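The values are calculated or read from the model by the stated rules, or taken from the named source; none is laboratory data. Fair warning: this is a prediction, and the values are worked out from it, not measured in the lab. Here the Cβ positions follow ideal geometry from the backbone for every residue, glycine too, while neighbour counts run over all protein chains shown. With ligands, DNA and RNA removed, areas are computed over all heavy atoms of the protein, side chains included. Shrake-Rupley method; radii C 1.70, N 1.55, O 1.52, S 1.80 Å.
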Amino acid sequence: MNKLLHVIRSADPLGGGPIEVVKRLAVEHINRGRQVEVVTLDPPNSPWLQDLPFPTHALGPVSTKYGYSRRLLPWLRAHASDFDWVIVNGLWQYTGFAVWRALRHSSTPYVVFPHGMLDPWFKRRYPLKHAKKWLYWPWAEYRVLRDARAVLFTSEDERRMARESFWLYSCHEEVINYGTAPPPEETAGERARFLERFPELQGKRVVLFLGRIHEKKGCELLINGFAKARRAAPPSPQPWHLVMAGPPATASYQRRLERLVIAHDLSEHVTWIGMLSGESKWAALRLSDVFALPSHQENFGVAVVEALACSVPVLISTKVNIWREILAEGAGIAEADDQNGTDQLLARWMSLPPATQLRMREKARLCFTNRFDVRDTATRLAVIFEKIA
C-alpha cells in the first residue's frame, strides 16, 4: 500500500468533516512514506486547493448537486492503475459511480467511506429525498457498495444503522475508527489575540458549538437548553456564555436561530463567530469550558474529537455515533437528541463540582489519545487493506 488516491466531490472546508478527515489521513500516510493524491470536482482555481500538502487534481467545475463531470471517468481510466488503492469518500455523487464504472473490470481495488450518508435519520427527516434516492440506488449506489473491496464505517453504530436505509443492501463491511491529528502547540498570545477579537468572552465560562449551523446539529435544542440551564445555574463571578461557531447552512436558518436567541433574552450571552480555522479555531477550543453538540445525526464528529484533543469535555447526543466510546472513557456526557435530553446535558454539566469537571478534562485528552488519534487510524486502515487485498 504505497500509493493511494482519494476521490471526493469537493475539498471545500465548508463541506464539513469528510474533507478534514481526508486531509488529516493523507498527511499521516505521507509522513509514513506513502504517496497520496486527491481528485475533486472543484474548479482548479478554488482558493481552498492552494497549499495542500499533496497533489490535487481538480476536474471541475460542475453545475449540479450530483456533480456530473465528463472529465472524471476518462481521468480515472487513464490514471487509476497508477495507484494501489482508490478511496471513495461519500455517497450520492457522480464520483462514486464514476469510480465503479472505471474500476469494476480493473485490477485496481477501491473502498468506500460512506461518511454517515446511509444513516436512516435522513430517510425519516427527508422522505421525499429518500424516494428520489431509491430511484438512483438499484442501478448506481447499490452497485458501488456491492462491488467495493470494502465499505468502511467509522463505528459499529454507523455500520448497524446503514442496513436500515435500503432493503436492497449488500457489501463487505469493515469498521475503522476515525481519528484526527493532535492539535498544534499553543502559540504565544494565541488566546489573547482571540479575546481581542471577541472581548465579550473575557472572564466567561464558554459553552462552544463548532460546526455547520444546520438543523441536523440540534442548534435550536442547544439554544433552548442553554437558556434554561443558565437561569438555573448558581450565581458565579464567571457567567456562562454560548459561542456558536460555524458557517450557516442557509441564511434563513441563521435568522431563525437569532430570533430564538432574542426570544430567550440571550443577546448578551450568545456570540455568533462564523467559520473558524487555524489558530482561531484552536484558541476557541482551548478557551472553552465544554463543547456541545446535541446532533440528530453525526457519523463521527471531527470537531468533537478536536475538542477532546484540547482537553475539553463534550456534551453530545446519543446520535453522535462515537458516544459510547466517549462515555466509556469518562470524557463527556451523552443524552437523547431531544429537548429534555439537551436540557439534561447542560444542567448536569453546570451542576458538577469543579474537581469533577477538572477530572473530566483530563479524561478528555486521554480519550483522544486512546481512541481517536489519526496515527492509529492510518495503522488500522493499512491492516484492513492488507486483510482484504
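Is there a residue being closer than 18 Å to Ser351 by Cβ, open to solvent by 30 Å² or more (accessible area, probe 1.4 Å) and among the small types (Gly, Ala, Ser) anywhere in segment 227-246?
So far as segment 227-246 goes, yes, one or more of its residues are closer than 18 Å to Ser351 by Cβ, open to solvent by 30 Å² or more (accessible area, probe 1.4 Å) and among the small types (Gly, Ala, Ser).
Going by what's in this entry, would Ile213 be described as within 25 Å of Ala378 (Cα to Cα), β-branched (Val, Ile, Thr) and under 23 Å from the mean Cα position of the chain (by Cα)?
Here the answer is no, as Ile213 does not meet what is asked.
Out of curiosity, is Val62 closer than 22 Å to Ile388 by Cα and surrounded by 14 or more Cβ atoms within 10 Å (Cβ to Cβ)?
Against the criterion (closer than 22 Å to Ile388 by Cα and surrounded by 14 or more Cβ atoms within 10 Å (Cβ to Cβ)), Val62 does not qualify.
Does Pro55 satisfy the condition of being touching a residue at least 12 places away in the same chain (Cβ under 8 Å), closer than 19 Å to Leu4 by Cα and open to solvent by 40 Å² or more (accessible area, probe 1.4 Å)?
yes
Where in segment 283-370 are the helices (runs of 4 or more DSSP H), entirely inside, with at least 1 residues that are surrounded by fewer than 21 Cβ atoms within 10 Å (Cβ to Cβ)? Can you show your working first?
Working: elements: 302-309, 323-328, 339-351.
Of the helices (runs of 4 or more DSSP H) lying wholly inside segment 283-370, those with at least 1 residues that are surrounded by fewer than 21 Cβ atoms within 10 Å (Cβ to Cβ) span 323-328, 339-351.
Please state which one of Ile223, Ile262, Ile273, Ile213 is of a type in the set (Val, Ile, Thr), on the phi < 0 side of the Ramachandran plot and surrounded by fewer than 14 Cβ atoms within 10 Å (Cβ to Cβ). Quick ask: steps written out before the conclusion?
On the way: Ile223 fails: surrounded by fewer than 14 Cβ atoms within 10 Å (Cβ to Cβ); Ile273 fails: surrounded by fewer than 14 Cβ atoms within 10 Å (Cβ to Cβ); Ile213 fails: surrounded by fewer than 14 Cβ atoms within 10 Å (Cβ to Cβ).
After applying the criteria, what remains is Ile262.
Identify, please: which residue in segment 1-38 is over 18 Å from Phe372 (Cβ atoms) and β-branched (Val, Ile, Thr) and is, among those, surrounded by the most Cβ atoms within 10 Å (Cβ to Cβ)?
So the residue we want is Val7.
Within segment 159-172, is even one residue hydrophobic (A, V, I, L, M, F, W, C), at pLDDT below 95 and more than 27 Å from Lys387 (Cα to Cα)?
yes
With (1) among the aliphatic types (A, V, I, L, M); (2) open to solvent by 70 Å² or more (accessible area, probe 1.4 Å); (3) closer than 29 Å to Asn2 by Cβ as the list, and Leu49 as the residue in question, which single condition is left unmet?
(2)
Report, ordered by the first and then the second residue, all pairs with beta carbons closer than 9 Å, sequence separation of six or more or different chains, a first member in segment 344-359 that is closer than 14 Å to Phe291 by Cα, and a second member that is outside any helix (DSSP H, G or I) and aromatic (Phe, Trp, Tyr).
Cβ pairs passing all conditions: Leu346/Trp240; Met350/Trp240.
Considering each residue of segment 175-207, count those that are at pLDDT 95 or above, surrounded by 14 or more Cβ atoms within 10 Å (Cβ to Cβ) and either of a type in the set (A, V, I, L, M) or over 30 Å from Gly225 (Cβ atoms) (or both), and give that number.
Of the residues in segment 175-207, 4 are at pLDDT 95 or above, surrounded by 14 or more Cβ atoms within 10 Å (Cβ to Cβ) and either of a type in the set (A, V, I, L, M) or over 30 Å from Gly225 (Cβ atoms) (or both).
Could you list, in sequence order, all residues of segment 322-340 that are touching a residue at least 60 places away in the same chain (Cβ under 8 Å) and more than 18 Å from the chain's Cα centre (by Cα)?
Matches in segment 322-340: Asp338, Gln339.
Considering only segment 25-48, state which residues are over 13 Å from Thr379 (Cα atoms), of a type in the set (D, E, K, R) and in contact with a helix residue (DSSP H, G or I) (Cβ under 7 Å, 6 or more places away or on another chain).
Asp42, the sole residue that qualifies.
Would you mind telling me which numbered condition in (1) modelled with pLDDT under 95; (2) assigned to a loop (DSSP other than H, G, I, E, B) Arg231 fails?
Status for Arg231: all satisfied but (2).
Can you find, within segment 236-282, the residue that is nearest to Phe194 (Cα to Cα) among those that are polar (S, T, N, Q) and not in a loop (DSSP other than H, G, I, E, B)?
Ser280
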